[in-house]
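A.B. asks: Pasting a structure below so you can have a look.
The values are calculated or read from the model by the stated rules, or taken from the named source; none is laboratory data. None of the values given here were measured: they were computed from a predicted structure. Using ideal geometry, Cβ is built from the backbone for each residue, glycine included, and neighbour counts are taken over all protein chains shown. Areas reflect the complete protein model, heavy atoms only, side chains present, ligands, DNA and RNA absent. Shrake-Rupley method; radii C 1.70, N 1.55, O 1.52, S 1.80 Å.
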Amino acid sequence: MRGEVTCEAHGRVSSCVACNRPRTLLEPSAWRCLGHEKWRCPTCATGAVDSQDDVRNLLPRVRRSVAELGFSLRHRVRVRLAEPDELRSPSGTDLLGLTRIVAVDEGRGHAEAVLVLRGLPAELFGSTVAHELGHAWLSENGNHPRNPAVEEGLCELIAYAWLKKSSTRFGAALREELATNTDPVYGEGFRQVHTAVRHHGVDRVLRTVAATGELPPSRKSTR
């Protein structure tokens, strides 16, 4: 994803969790294990978010980008780095980010914290935080979409908007990967939400999702 070239003859033993660069046995000392067999390559180590000081330096830019889209939060959400053991979905899937929600009433709540895997490159850290702040916004506004593709697609749209502000090759590659994802929930959900925003505008999409938990109806073509 960074345009680097590797030799197939050397064999892949694993891949970088961020950019998918193959890890071979020729350079073991240059790689870092982030836990649970998640490895980070030397290139992705440059400028990576390894400490809470790194979080504090980057987080204001992410918050501004999310707010500019209309996802303003009434409650301040703490973002902290986490180890893989804390980033497991109920189904046992390893995640890059996770939002902890405190229920309030009538399906509403607020995000207690956003957890992000320690050691991600700045572009991937930012897009992960942006995605998770989307879940926080949905919790504050109630009416969680019954269709997971709508919720995850909306959150992926925020991550996509963050990545559009990146001027790096890696940021562009992450954006392309997000847009072409074949996953029926994340990828197809993003495309559904993106299409709705193009047709109706982001403000109407947010109002409709907050009120009904669904996207605005598709416009019918007329002759």
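A.B. asks: Accessible area per residue, 1.4 Å probe, Å², for segment 44-142: what's the number? Provide the component values of the computation, followed by the final result.
C.D. replies: On the way: 4520 Å² over 99 residues.
Per-residue value: 46 Å².
A.B. asks: For the chain, what % of the accessible area comes from carbon and sulfur atoms, probe 1.4 Å?
C.D. replies: Working: 5730 of 11820 Å².
It is 48 percent, rounded to a whole number.
A.B. asks: Among Gly134, Cys41, Ala67, whose Cα projects farthest towards the positive end of the dipole of the chain, with charges put on the beta-carbon of Lys, Arg (+1) and Asp, Glu (-1)?
C.D. replies: Ala67
A.B. asks: Name the most mobile residue of Pro22, Pro145, Pro90, meaning the one with the largest mean-square fluctuation, in a Gaussian network model of the chain with Cα contacts below 10 Å.
C.D. replies: Of the options given, Pro90 has the highest mean-square fluctuation.
A.B. asks: Helix by helix, which DSSP H runs in the chain go 18 Å or more along their axis at the Cα atoms and have an average Kyte-Doolittle hydropathy of 0.5 or more? Write out the running numbers ahead of the final one.
C.D. replies: Working: long enough: 52-68 (24 Å, -0.94); 122-141 (28 Å, -0.03); 148-164 (24 Å, 0.55); 186-200 (21 Å, -1.03).
The answer, listed by residue number, is 148-164.
A.B. asks: So what is the diffusion coefficient of segment 156-199 in µm² per second by Stokes-Einstein at 4 °C and 1.567 mPa s, using a Kirkwood Rh over Cα pairs?
C.D. replies: Values: Rh = 10.6 Å.
Roughly 123 µm²/s, to the nearest whole number.
A.B. asks: About its Cα centre, how strong a charge dipole does segment 161-223 have in debye, to the nearest 20, once Lys and Arg get +1 and Asp and Glu get -1 at the Cβ?
C.D. replies: Working: 11 positive and 6 negative charges, 81 e Å.
Rounded to the nearest 20 debye, it is 380 debye.
A.B. asks: If packing is taken as the average count of other Cβ atoms within 10 Å, what order do 52-65, 155-168, 110-123 fall into, highest mean first?
C.D. replies: Working: 52-65: 15.0, 155-168: 20.2, 110-123: 21.9.
My ranking of the peptides, most packed first, is 110-123, 155-168, 52-65.
A.B. asks: Say we join alpha carbon atoms closer than 10 Å with springs in a Gaussian network model of the chain; which of Leu124, Leu25, Leu174 then has the biggest fluctuation?
C.D. replies: Sorting by GNM fluctuation, first place goes to Leu25.
A.B. asks: With contacts defined as alpha carbon pairs under 8 Å and 6 or more residues apart, what's the relative contact order of segment 7-156 in percent? Numbers along the way, then the final one.
C.D. replies: On the way: 232 pairs, mean separation 31.7, N = 150.
Dividing the mean separation by the residue count of segment 7-156 yields 21 percent.
A.B. asks: Given the options Glu151, Glu68, Glu188, which has the most mean-square fluctuation in a GNM of the chain, springs set between C-alpha atoms less than 10 angstrom apart?
C.D. replies: For the chain, modelled as a Gaussian network with Cα springs under 10 Å, the answer is Glu68.
A.B. asks: Of the listed values (i) 23.3, 107; (ii) 18.3, 64; (iii) 19.3, 62, grab the one calculated as Rg and Dmax of the Cα atoms in Å from the structure here.
C.D. replies: Only one option fits the structure, namely (ii).
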